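The values are calculated or read from the model by the stated rules, or taken from the named source; none is laboratory data. The model shown is predicted, which means the values in this text are computed figures rather than measured ones. Backbone-built Cβ (ideal geometry, glycine too); neighbour counts: all protein chains shown. Note: areas computed on protein heavy atoms with side chains; ligands, DNA, RNA excluded. Shrake-Rupley method; radii C 1.70, N 1.55, O 1.52, S 1.80 Å.
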Amino acid sequence: MKVGVVVFPGSNCDHDAWYAVSQSLHQKAEFIWHESASLGDVDAVILPGGFSYGDYLRCGAIAKFSPVMQAVSKFAREGGLVAGICNGFQVLTEAGLLPGALVRNENLKFVCKRVPLEVVTTDSSFSHQATKGQILRLPVAHGEGCYIADERTLDQLEAEDRVLVRYLENPNGSMRNIAGILNEKRNVMGMMPHPERAADPLLGNTDGLTILNSLIHAQVTASKS
Amino acid sequence: MSKITPEVIAAHQLTQSEYDKVLRLLGREPSITELGIFSVMWSEHCSYKSSRIHLKKLPTESPRVLQGPGENAGIIDIGDGNAIAFKIESHNHPSFIEPFQGAATGVGGILRDIFTMGARPIAVMDSIRFGKLDDTKTGIRNQHILEGVVSGIAHYGNCFGVPTVGGECVFEESYDGNPLVNVFALGVFRHDEIFYGKASGVGNSVIYVGAKTGRDGIHGASMASAEFTEESKQKRPNVQVGDPFMEKLLLEACLEAMKTGAIVGIQDMGAAGLTSSTCEMGSRAGTGIEIELDKVPQREPGMTAYEMMLSESQERMLIVAQHGREEELYRVFQKWGLDAVQIGVVTADGMLRVKHHGAVMAEIPNRALADEAPRYDRPHTTPLRTAPLHGPEVRSKDLLADLKKLLASGDLGSKRWIYEQYDHQVRTNTVSGPGAEAAIVRIKGSKTSVAMSLDGNGRYCYLDPREGTKLIVAECCRNLSTAGALPIATTNNLNFGNPERPEIMAQLVESIEGLAEACRFFEVPVTGGNVSLYNETLGTPIFPTPVVGIVGTLETAPPVGIHFPKPGSTVILLGGLGKPTPDELGGTQYAKVVLDQLWGKPPSLDMDYEKRVQATIRELVRSRAVESAHDLGDGGLAIALAESSFGTGGSSQEAIGADIRLDSDLAPELLLFHEGPSRVLVSATDPEKVFALARQNNVEAVAIGVTLESRLVVRNRDVTLIDSRVDALNDLWADALEHLLQDPVLVNTNV
């Protein structure tokens, strides 16, 4: 599988995602500059962590207008696999590819630590290698990771089995402990925790490989553009 | 044009004799712009005029040193064609006036020092000191400063994308009106990627890149060289505002621009921005620089030459580029959305010439600014010290209660509340992060990792600046050795009071000489650093506080942690129980937290023994003959035992404590809490390997007990000194800072 990692000017986990995919999982990975209007021939796209355009307005609020996000939206509409991690999740909600929003952590402080998560659905290209209820310990590192949505949306996410992972110890005040979700077609995923930071035994945690391995072994349905 | 009166000279913090020197060097009266330029370049902050003659005593060379002091950062060879650049710098004064921005721009400044040399920053550590959080008068203010500083560091480092991997945080009355914020940064690059701040090649272009120039931070450097008074609160506009996103763009653009081969020299615009970058680059190359201020990107209209030359707007760099290749650089900066404008040329005459609206506003020899700043051999007598030599007779009523008090204290409690606000993992290199013996960062694409540690101890240095500083170096090296790394080089931040007071100057001199002696002995040459003087508020100086950052290397491998990993292992105290006198308890955390006193002298240090202990633990860790290793430092044996028991395993797992049986004539308070150096607590399944190597290196190794589940028990002969469940201790320790920050009595106090 060939994975494209989008690079916004303020992305800072772009290299980490690239490293996990190419060095830990031995897949092809390439960077896609934010001004690029095409994604090339990639099979999946990762929107990495960071601060896209500085994020002084709202996280991801400017990023959604970038040329690359037009391409990502088209790719997603056509069934392409899109994974937004941390800032990438924020960008996906701003771009309307995922419902809800991410706002400042309940205690107003940045939080960086390892948290236990429960895999809620395994029916997705991002979790099919997990078992239902499996506990993953993944790092979070964000200041605006509190997931919010209206009650109807939250009910719908749960009714349609679109909650990917839930916090067992909620670090940011997210509604219904939601840490990651899917879109209706289940090909777009956003999560605040960082699987790419937990993909190397040297760093003492490989729980992220469950998510990343699911992605690279997923069925690819997107038409390449 | 303003007339240069004695009042104007004094307002620029130049003495009459310094002004006379300006007249001599120029051969005429300076313009107000020139006076401003001299005042910042000759400030203590930029010129090191009080410390320079003593800093020469420091060892600066070894086969690994590629660049010693004098550049933006020191550079050390780490093998495989890789090198690291690292340095520490203070932002004490700005952080007191505006904690958030003061600390944030402190991080920004040191990061620029690293990437201006061509290295990509891969780690930051910070050493921060505040007044006590529970002080009835100043506690609330100190909490506010702590929160501001920590969120400022977090804001800048997290957004920039560099992990904050360690550091230290201390609370002490002495820092009440003068917090210390020292930030260390380290970057990595290849040997052939190193850039210097040199304006070589007459006719080459001088290019300004990055953020626009505004009126912020004017005279920051001279502010950092004055004591705090009631008026300094009005100096708020002197503190700069940081933009980490801009810095991130600048980093990527600079590293990319360096690859074009068109850059001859590059330097960041730090203190005294345009002034220091131009004259220092010119001075290093023996050239002149002529700039036209009309071309400088400006944030606001109507700025004078004086304001532009002294502005400390952040996130700016000065580049000297090969003539004719400017376009290659413009393309890169345009890609990253940054201003890049030619503002001048390199000339042959050695002058800094500044033009504005067609007129020459300043014309000064570069060397006069950069190299001919006054140097003072300030008088120094006996170091300031009022603490008694002998202390009270110490007899504890309840040693367990004492231990709990220590664990819940600001200094010894977990720093989790701080480091969880820092992204300590970004770039996925952090092998050991906050809370570990030393931070370890792997170098991708190489088999080598870099370890680093930051240490200071104002109490020891107050009792004895020379011995205190030696102890800090020993401790810092011990941290690295205990993590399995070989210490190789040092950076330092000397935080002291007013050097014009002979008893303060004496502290500085003694401390530098102690630093020199220890760095020479442990073979960790000093490659750079920073001196921050005038750390006094209303005449009260801080404790003399040298902060030492030492880096080392080791082979990349999963780390040996500080925690006991399993029950049934032998607990060994490498280096022995020590032979402290009661006077050596006077500077310890026990004296501070439990007794609220300060007396005596720092623990005595046998450097030769220390070196052997370190060689031993390094080899034991490298060969994995030990399962855990934790050096004894603040709080002594009892704290090391407790911390080794606070494993971070799954919440369902039982903590692993220890059953310790000691056999010593020492008084229990000394035995448990003395802070004698040269000691490391280890656990091992096969203790014979530890004993054998210790014997071989002529180092004491005492089996003191075994690890066991859930409890920490310490007995000396037949007397039980400590007996507690580990989790009861862990709870106090883990939430120490939260509890201090939420003291309801304080929250309701109006200060």
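Tabulated values for the structure
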| item | result |
| --- | --- |
| Answer from B:Ser39, B:Ser31 - the residue that is within 16 Å of B:Ala368 (Cα to Cα), out of contact with any strand residue (DSSP E or B) (no Cβ under 8 Å at 6 or more places or on another chain), of a type in the set (Ser, Thr, Tyr) and touching a residue at least 40 places away in the same chain (Cβ under 8 Å) | B:Ser39 |
| Only listed residue being small (Gly, Ala, Ser), touching a residue at least 60 places away in the same chain (Cβ under 8 Å) and in contact with a Leu (Cβ under 7 Å, 6 or more places away or on another chain), chosen from B:Ala694, B:Ala667 | B:Ala694 |
| Residue list for the stretch A:42-57, filter: open to solvent by 10 Å² or more (accessible area, probe 1.4 Å) and out of contact with any helix residue (DSSP H, G or I) (no Cβ under 7 Å at 6 or more places or on another chain) | A:Asp43, A:Asp55, A:Tyr56, A:Leu57 |
| Among (1) at pLDDT 95 or above; (2) open to solvent by less than 10 Å² (accessible area, probe 1.4 Å); (3) not hydrophobic (A, V, I, L, M, F, W, C) - the single one A:Arg104 does not satisfy | (2) |
| Check on B:Asn92, within 27 Å of B:Asn178 (Cα to Cα) and polar (S, T, N, Q) | yes |
| Out of B:Glu89, B:Glu98, sole residue that is at pLDDT 95 or above, among the acidic types (Asp, Glu) and under 29 Å from B:Leu741 (Cα atoms) | B:Glu89 |
| Among residues of the stretch A:123-150, those that are farther than 17 Å from B:Val426 by Cα and either in contact with a His (Cβ under 6 Å, 6 or more places away or on another chain) or small (Gly, Ala, Ser) (or both), counted | 6 |
| Within the stretch B:528-566, considering residues that are of a type in the set (D, E, K, R) and part of a strand (DSSP E or B), the one surrounded by the fewest Cβ atoms within 10 Å (Cβ to Cβ) | B:Glu555 |
| Unique match (being of a type in the set (Ser, Thr, Tyr) and touching a Ser or Thr at 6+ places or on another chain (Cβ under 7 Å)) among A:Thr131, A:Thr153 | A:Thr131 |
| Selected residue [more than 30 Å from B:Met125 (Cα to Cα), surrounded by 14 or more Cβ atoms within 10 Å (Cβ to Cβ), in contact with a strand residue (DSSP E or B) (Cβ under 9 Å, 6 or more places away or on another chain) and not hydrophobic (A, V, I, L, M, F, W, C)] from B:Glu372, B:Glu420 | B:Glu372 |
| Identity of the residue in the stretch A:11-41, touching a residue at least 60 places away in the same chain (Cβ under 8 Å), in a loop (DSSP other than H, G, I, E, B) and more than 14 Å from the chain's Cα centre (by Cα), that ends up surrounded by the fewest Cβ atoms within 10 Å (Cβ to Cβ) | A:Asp41 |
| Filter result (outside any loop (DSSP other than H, G, I, E, B), away from chain B (no Cβ under 11 Å) and not hydrophobic (A, V, I, L, M, F, W, C)) within the stretch A:49-64 | A:Lys64 |
| Index of the failed condition, B:Val341 passing every other in (1) outside any loop (DSSP other than H, G, I, E, B); (2) buried (at least 17 other Cβ atoms within 10 Å of the Cβ); (3) touching a Lys or Arg at 6+ places or on another chain (Cβ under 9 Å) | (2) |
| Every pair of residues 6+ apart whose Cβ atoms lie under 6 Å, when the first sits in the stretch B:107-127 and is aliphatic (A, V, I, L, M) while the second is modelled with pLDDT of 95 or more and part of a helix (DSSP H, G or I) | B:Val107/B:Ile153; B:Val107/B:Tyr156; B:Val107/B:Gly157; B:Val124/B:Gly157 |
| The stretch B:201-217, residues that are within 19 Å of B:Tyr330 (Cβ to Cβ), open to solvent by 10 Å² or more (accessible area, probe 1.4 Å) and more than 32 Å from the chain's Cα centre (by Cα) | B:Gly201, B:Gly203, B:Asn204 |
| Of all residues making up the stretch A:116-144, the number that are closer than 16 Å to A:Val163 by Cβ, within 14 Å of chain B (Cβ to nearest Cβ) and either surrounded by fewer than 20 Cβ atoms within 10 Å (Cβ to Cβ) or at pLDDT below 95 (or both) | 2 |
| Only listed residue being at positive phi and at pLDDT 95 or above, chosen from B:Gly358, B:Gly302, B:Gly337 | B:Gly358 |
| Residue tally, condition open to solvent by 20 Å² or more (accessible area, probe 1.4 Å) and of a type outside the set (A, V, I, L, M, F, W, C), over the stretch B:592-608 | 6 |
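Rundown of residues vs (1) within 22 Å of B:Lys198 (Cβ to Cβ); (2) of a type in the set (Val, Ile, Thr); (3) away from every other protein chain (no Cβ under 14 Å), yes/no style:
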position: B:Glu247; (1), (2), (3): no, no, no
position: B:Leu251; (1), (2), (3): yes, no, no
position: B:Ala257; (1), (2), (3): yes, no, yes
position: B:Gly261; (1), (2), (3): yes, no, yes
position: B:Gln267; (1), (2), (3): yes, no, yes
position: B:Leu293; (1), (2), (3): no, no, yes
position: B:Met303; (1), (2), (3): no, no, yes
position: B:Met309; (1), (2), (3): yes, no, yes
position: B:Ser313; (1), (2), (3): no, no, yes
